Amino acid sequence: MLLLLLLLMILGWMLCSGVLCSRMSHLMEKIEAENLLHRAFSVFLFNSKYELLLQQRSETKVTFPLVWTNTCCSHPLYRESELIDENYLGVRNAAQRKLLDELGIPPEDLPVDQFIPLGRMLYKAPSDGKWGEHELDYLLFIVRDVNAHPNPDEVADIKYVNRDQLKELLRKADAGEDGIKLSPWFRLVVDNFLPKWWDHVEKGTLEEAADMKTIHKLT
């Protein structure tokens, strides 16, 4: 099983070396027929007030346009700097790169050693019938005060939320109010991990929460 996951991820890395990452590997027909799987990462960035930075994905996104999600979500590329397994450095490098691309946060404000990998989850989610996701998602947390300058091609909006504000966002999403929608991977993290991990953010004990040996298979 682990060997199969490895082979599928290698294929995903190769697809993610170019435009194919945004197209072929996100076609639900391909995902279902060939069980295509690719690596991903999801960043949860908190400021010094322990508020979580959320983004609304741009309307041009192939999957899940205009939904609210965590700070940044994307894929490591098939390049040397993002294939380093040791201490999950490749995924951390990818997160630093994409936070610059999407939110205009310079790398010097986000040292790679400050990203704390807390866990991995495997999930599959259709977007609109044609497109979808099938990812092994690395969940990275970081606490930094930053100035964000969102790229409108990637991000429609951003906002910081505290716990109560996130609960209200969840309520609106569940009730279908104000057109609020959440990404499936963000909702999985919220429902399965975020409350206890947020406790560790506030206590400064994030590394105690890390479990990178387990792959959580979630739906």
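The values are calculated or read from the model by the stated rules, or taken from the named source; none is laboratory data. These figures come from a predicted structure and were not determined experimentally. Cβ coordinates were reconstructed from backbone atoms using ideal geometry, including for glycine residues, and neighbour counts include every protein chain displayed. Only protein heavy atoms, including side chains, enter the accessible area calculation; ligands, DNA and RNA are left aside. Shrake-Rupley method; radii C 1.70, N 1.55, O 1.52, S 1.80 Å.
Hey, could you check region 19-42 for residues that are open to solvent by 50 Å² or more (accessible area, probe 1.4 Å) and either in a loop (DSSP other than H, G, I, E, B) or acidic (Asp, Glu) (or both) and say which is modelled with the lowest pLDDT? Filtering first and then ranking leaves Glu32. Return the residues of region 194-203 that are open to solvent by 70 Å² or more (accessible area, probe 1.4 Å) and touching a residue at least 60 places away in the same chain (Cβ under 8 Å); say none if nothing qualifies. If the condition is that a residue be open to solvent by 70 Å² or more (accessible area, probe 1.4 Å) and touching a residue at least 60 places away in the same chain (Cβ under 8 Å), then Glu202 is the only one that fits. Please verify whether region 95-103 includes one or more residues that are part of a loop (DSSP other than H, G, I, E, B) and modelled with pLDDT of 95 or more. No, the conditions are met nowhere in region 95-103. Taking residues in region 153-171 that are touching a residue at least 24 places away in the same chain (Cβ under 8 Å), and partners anywhere that are open to solvent by 70 Å² or more (accessible area, probe 1.4 Å) and outside any helix (DSSP H, G or I), the pairs with Cβ atoms closer than 7 Å and at least 6 places apart or on different chains are Asp153/Thr60; Ala156/Glu59; Ala156/Leu66.
For the residues Ala148, Ala209, the requirement of being open to solvent by less than 50 Å² (accessible area, probe 1.4 Å), in contact with a Lys or Arg (Cβ under 8 Å, 6 or more places away or on another chain), over 15 Å from Ser42 (Cα atoms) and modelled with pLDDT of 95 or more singles out Ala209.
Pairs linking a residue in region 49-75 that is in contact (Cβ under 8 Å) with a residue 60 or more places away in the chain and part of a strand (DSSP E or B) to a residue that is open to solvent by 40 Å² or more (accessible area, probe 1.4 Å) and of a type in the set (D, E, K, R), with Cβ atoms under 6 Å and 6 or more positions apart or on different chains, are Leu54/Lys159; Gln56/Asp157. Taking region 149-203 as the region of interest, the helices (runs of 4 or more DSSP H) fully inside it that hold 2 or more residues being under 18 Å from Ser48 (Cβ atoms) and over 16 Å from the mean Cα position of the chain (by Cα) are 163-175, 194-203. Taking each residue of region 97-113 that is surrounded by fewer than 12 Cβ atoms within 10 Å (Cβ to Cβ) and looking for partners that are of a type in the set (Ser, Thr, Tyr) with beta-carbon atoms closer than 6 Å, six or more apart or interchain, yields nothing.
All of Lys124, Lys130, Lys167, Lys159 fail the test of being open to solvent by 50 Å² or more (accessible area, probe 1.4 Å), modelled with pLDDT of 95 or more and more than 14 Å from Asn70 (Cβ to Cβ), apart from Lys167.
Taking region 173-193 as the range and being free of Cβ contacts under 8 Å to residues at least 24 places away in the same chain and surrounded by 16 or more Cβ atoms within 10 Å (Cβ to Cβ) as the test, only Arg187 passes.
Within region 204-219, restricting attention to residues that are of a type in the set (Asp, Glu) and in a helix (DSSP H, G or I), the residue that is nearest to Phe115 (Cα to Cα) is Glu207. Ile158 meets each of the listed conditions (1) over 18 Å from Phe44 (Cα atoms); (2) touching a Pro at 6+ places or on another chain (Cβ under 9 Å) apart from (1).
When Leu45 is tested against the conditions (1) more than 14 Å from Ala156 (Cβ to Cβ); (2) in a loop (DSSP other than H, G, I, E, B); (3) aliphatic (A, V, I, L, M), the lone failure is (2).
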